[in-house]
1. What pairs come out if I take residues in the stretch 23-36 that are assigned by TED's automatic domain parsing to the domain that holds Ile12 and pair them with residues that are assigned to a loop (DSSP other than H, G, I, E, B) and not β-branched (Val, Ile, Thr) whose C-beta lies under 7 Å away, six or more apart or interchain?
2. Name the single residue, out of those in the stretch 10-22 being without any contact (Cβ under 8 Å) to a residue 60 or more places away in the chain and part of a helix (DSSP H, G or I), that is farthest from Ile141 (Cα to Cα).
3. Given the options Asn87, Asn139, name the one that is under 30 Å from Phe187 (Cβ atoms), modelled with pLDDT under 95 and polar (S, T, N, Q).
4. Suppose we filter Leu184, Leu174 for residues that are in a helix (DSSP H, G or I), out of contact with any Leu (no Cβ under 9 Å at 6 or more places or on another chain), assigned by TED's automatic domain parsing to the domain that holds Ala96 and at pLDDT below 90; which single one remains?
5. Suppose we filter Tyr119, Tyr149, Tyr126 for residues that are outside any helix (DSSP H, G or I) and at pLDDT below 95; which single one remains?
6. Can Glu3 be described as under 27 Å from the mean Cα position of the chain (by Cα) and in a helix (DSSP H, G or I)?
7. Taking only the stretch 27-49 into account, find how many residues are in a helix (DSSP H, G or I) and farther than 18 Å from Ile7 by Cα.
Amino acid sequence: MNELKQIIGKNIIELRKKNGMTQAELAEKINYSDKAVSKWECGDAVPDIGVLKQLAELLGVTVDYLLEENHDEQPAVYHESYARKKNKLIITFLSATLVWLIATLIFTIVNLCVEDAKYTGFVFIYAVPVTAVVFLVFNSIWGKPRFNYIIITVLIWTILTSVYFIFFEYNIWLIFILGVPAQLIIFLWSRLKKIK
């Protein structure tokens, strides 16, 4: 039994690393603690059959693959994982492109319908913070949380720039001073450590 525990542990480690997951990320996906994953990988414990099935599906292999020491073929997990990441990236950029398509449609329609449309180009300036919001939403769902701080920084400065251009006639350049404490808040917020 101890030998089987070691084999399962070795296979879980190998597949987890090839999928670019930490123990905590794997544990979160199957609703277990990272300590349980650590015990499985060390060979101190064996996941029950239901969890083995869940692990096999998540890692893109069969349950037999997890139980066998020698494997004749490489699992298809690498391709599935890569394709999944690629699809998420494509969906994110499609959504961001949709923002720019809408901005272009608004620009075109207004210029075609209104003879003396002065400020229609501003629609593209406003599209920048909206695009940042799209990236923030999708990064919060699928991406790495540490990138949210960069996206929020872009969002704040593009919002301030958009407001500046809206009220350009009033010379409100001092509005950019608001970005300094906002940037400091983002920096300090990014330094907070999660306590488990």
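The values are calculated or read from the model by the stated rules, or taken from the named source; none is laboratory data. Being a predicted model, the structure only gives us computed values, none of them experimental. Please note: Cβ atoms are built from the backbone with ideal geometry, for glycine as well, and neighbour counts cover all protein chains shown.
1. The qualifying pairs are Ala27/Ser33.
2. To start, the set of residues in the stretch 10-22 that are without any contact (Cβ under 8 Å) to a residue 60 or more places away in the chain comprises 10-14, 16-17, 21-22.
Of the ones still in play, those that are also part of a helix (DSSP H, G or I) are 10-14, 16-17.
Details: Lys10: 30, Asn11: 28, Ile12: 25, Ile13: 25, Glu14: 26, Arg16: 20, Lys17: 21 Å.
By that ranking, first place goes to Lys10.
3. On the way: Asn87 fails: under 30 Å from Phe187 (Cβ atoms).
Of the residues listed, the single one that is under 30 Å from Phe187 (Cβ atoms), modelled with pLDDT under 95 and polar (S, T, N, Q) is Asn139.
4. Only one candidate passes the filter, namely Leu174.
5. Testing whether each residue is outside any helix (DSSP H, G or I) and at pLDDT below 95 leaves just Tyr119.
6. Details: under 27 Å from the mean Cα position of the chain (by Cα): no; in a helix (DSSP H, G or I): yes.
No.
7. Filtering the stretch 27-49 down to residues in a helix (DSSP H, G or I) leaves 27-29, 34-42, 49.
Cutting the leftovers down to farther than 18 Å from Ile7 by Cα gives us 27-29, 34-35.
Within the stretch 27-49, residues that are in a helix (DSSP H, G or I) and farther than 18 Å from Ile7 by Cα number 5.
For every residue, the table says whether it meets (1) β-branched (Val, Ile, Thr); (2) buried (at least 16 other Cβ atoms within 10 Å of the Cβ); (3) without any contact (Cβ under 8 Å) to a residue 40 or more places away in the chain.
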residue: Val128; (1), (2), (3): yes, yes, yes
residue: Val134; (1), (2), (3): yes, yes, no
residue: Ile152; (1), (2), (3): yes, yes, yes
residue: Tyr164; (1), (2), (3): no, yes, yes
residue: Phe168; (1), (2), (3): no, no, yes
residue: Phe176; (1), (2), (3): no, no, yes
